[in-house]
Amino acid sequence: MTGTADETQGYDVFATRCPSRQTLETVTGRWGALTLAALVDGPLRFGALRRRVDGVSEKMLSQTLKLLEADGLLTRTDHGTAPPMVDYALTDPGALVADAVVRLVDAVYAVQPAVQQARNSA
C-alpha cells in the first residue's frame, strides 16, 4: 500500500512521533505546496515568488521558505548585492517532492469539472 512505513528506512508518516510527519505537514500545507510547485521551473527571487503564489503574505512566505530550507528542500542564495538579491531554488530532494506536488495539482485540475458539478448539485 502506498504511504505505508518503509521498513528499510523506519519512517511511518502515520505514527505521531515520526519525523516524516512534520515534513509532510510542511510540504502539504497550502503555502509549502504552492511554493514548491512555483519553484519547479527554476529559481525565483522573493518578490517573484510572492507574486507567483498569489495571496501569500510576506511573513508567511518568509516562514515557509525558512521551513523548506531547514528541511533541505530548497536553497537560499544571497548574491551579496545592494539592493539585496536572493534566489530560492529546489534541491534534488525538493525537486522530487515538488514533482509529486505538481502531479497532485494536475490531478486536481483533472477532477475539477466533476468537483464543480458536485458542488453545484449540493
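The values are calculated or read from the model by the stated rules, or taken from the named source; none is laboratory data. Not measured: the values here are computed from a predicted model. Note: ideal-geometry Cβ built from the backbone for every residue, glycine included; neighbour counts use all protein chains shown.
Observations
- The residues on offer are VAL40, VAL101, and the sole one that is at pLDDT 95 or above, touching a helix residue (DSSP H, G or I) at 6+ places or on another chain (Cβ under 7 Å), outside any helix (DSSP H, G or I) and within 24 Å of GLN22 (Cα to Cα) is VAL40.
- Any hit, segment 67-77, residues being under 17 Å from ALA37 (Cβ atoms), out of contact with any helix residue (DSSP H, G or I) (no Cβ under 7 Å at 6 or more places or on another chain) and surrounded by 15 or more Cβ atoms within 10 Å (Cβ to Cβ): yes
- Flag for ASP92 being more than 13 Å from the chain's Cα centre (by Cα), closer than 30 Å to ASP12 by Cα and not small (Gly, Ala, Ser): yes
- Any hit, segment 33-55, residues being loosely packed, with under 14 Cβ neighbours inside 10 Å and touching a Ser or Thr at 6+ places or on another chain (Cβ under 7 Å): no
- Scan of segment 56-75 for residues that are touching a Leu at 6+ places or on another chain (Cβ under 9 Å) and either more than 11 Å from THR91 (Cβ to Cβ) or of a type in the set (Phe, Trp, Tyr) (or both), ordered by number: VAL56, LEU61, THR64, LEU65, LEU67
- Selection from segment 72-98 of residues that are under 30 Å from SER20 (Cα atoms), of a type in the set (Ser, Thr, Tyr) and not in a strand (DSSP E or B): THR91
- Qualifying residue in segment 64-71 (condition: touching a Gly at 6+ places or on another chain (Cβ under 8 Å), in a helix (DSSP H, G or I) and either in contact (Cβ under 8 Å) with a residue 60 or more places away in the chain or acidic (Asp, Glu) (or both)): no
- Qualifying residue in segment 106-113 (condition: at pLDDT 95 or above, among the β-branched types (Val, Ile, Thr) and exposed (fewer than 14 other Cβ atoms within 10 Å of the Cβ)): yes
- The set of residues from segment 44-69 being more than 16 Å from VAL102 (Cα to Cα), in contact with a strand residue (DSSP E or B) (Cβ under 8 Å, 6 or more places away or on another chain) and not aliphatic (A, V, I, L, M) comprises ARG45, PHE46, GLU69.
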